[in-house]
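> Mind having a look at this structure? Questions to follow.
We did not get these values from a lab; they are worked out from the coordinates using the rules stated. Given the structure is predicted, the values throughout are model-derived calculations rather than measurements. Cβ: placed from backbone, ideal geometry, glycine included. Neighbour counts: every protein chain shown.
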Amino acid sequence: MSFDWGEYLRLAKELVNRSGEAELRSAISRAYYSIFRRACKILKSKNIPITESGVDHQLVPEVLKARPDIHPIAPQLGIYLERLRDDRRRADYYDDFPNLDKQAKLDVLIAEDCENLIKLMSKK
């Protein structure tokens, strides 16, 4: 059975409503991975190779931004995905994250927007 990456966004929504730093950082990370993995799936469905390695974290948003032929809204998804990736890096690797609470809430909202874009892109 295939994992539903949307579950990560549902978890992020729960975590962002808590006040602990670990929960907020985890919310950012889960929001990013929810969108990243579904974006990978879209590219695979278009026969665009995915390496299944760390390279994909840069490759996927770049391909989306450069390929409106995939779907007219693909570039917007790529822009959002880059933003989520940058915040995920900050949340996962840096000791200090100013305005973490606000950024976590914003990133979950961005991920929700991405989810809507993905739904539009997935329609036949």
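> Net charge near G20: determine it from the other residues with C-beta under 13 Å of the C-beta of G20, scoring Lys and Arg +1 and Asp and Glu -1. Write out the running numbers ahead of the final one.
Details: positive: R18, R25; negative: E14, E21, E23, D101.
Local charge sum for G20: -2.
> Follow-up. Percent relative contact order of region 6-122, based on C-alpha pairs within less than 8 angstrom and at least six residues apart?
Working: 133 pairs, mean separation 39.4, N = 117.
Answer for region 6-122 is 34 percent.
> Between I73, T51, L9, whose Cα lies farthest towards the positive end of the dipole of the chain when Lys and Arg beta carbons carry +1 and Asp and Glu beta carbons carry -1, centred on the Cα centre?
In the chain, that residue is I73.
> 5 Å is the cut-off here: which amide hydrogens, built 1.01 Å from N in the peptide plane, fall below it relative to I70, excluding neighbours closer than 5 in sequence?
none
> Applying the Karplus parametrisation 6.51 cos²θ - 1.76 cosθ + 1.60 with θ = phi - 60° to the phi angles of region 31-41, what ³J(HN,Hα) value in whole Hz is obtained for each residue in order, glycine and proline being reported as x?
With coefficients 6.51, -1.76 and 1.60, one gets 4, 4, 5, 4, 6, 4, 5, 6, 5, 4, 4 Hz.
> Let me ask you something else. For the chain, compute the number of Lys pairs whose alpha carbons are separated by less than 29 Å, excluding pairs fewer than 8 positions apart on the same chain.
Lysine pairs meeting the criterion: 29.
> Let me ask something else about it. Tell me which residues come under 5 Å, amide H to amide H, from I48 once H is placed; ignore anything under 5 positions away on its chain.
none
> Convert each backbone phi in region 8-25 into a coupling constant with the Karplus relation 6.51 cos²θ - 1.76 cosθ + 1.60 (shift: θ = phi - 60°), then list the ³J(HN,Hα) values in order as whole Hz, x for Gly and Pro.
5, 5, 4, 5, 4, 5, 5, 5, 5, 8, 9, 9, x, 4, 4, 5, 5, 5
> While we're looking at this one, here's another question. Subtracting the Cα-Cα distance from 0.36 nm times the residue separation, let me have the gained length for K123 to R89 in nm, one decimal.
Numbers: separation 34, 0.36 × 34 = 12.24 nm, distance 3.10 nm.
Going from the current span to full extension adds 9.1 nm.
> What whole-number distance in Å separates the alpha-carbon centres of region 76-124 and region 1-48?
What the calculation gives is 9 Å, centre to centre.
> Show me, for region 69-82, the HN-Hα J-couplings you get by feeding each phi into the Karplus relation (A = 6.51, B = -1.76, C = 1.60, θ = phi - 60°), rounded to Hz, glycine and proline as x.
Once rounded to whole Hz, the list reads 5, 5, 5, x, 9, 4, x, 5, 4, x, 5, 4, 5, 4.
> Related question: Given 20 °C and 1.002 mPa s, how large is the Stokes-Einstein diffusion coefficient of the chain in µm²/s, with Rh as the Kirkwood radius over Cα pairs?
Numbers: Rh = 14.5 Å.
The Stokes-Einstein estimate is 148 µm²/s.
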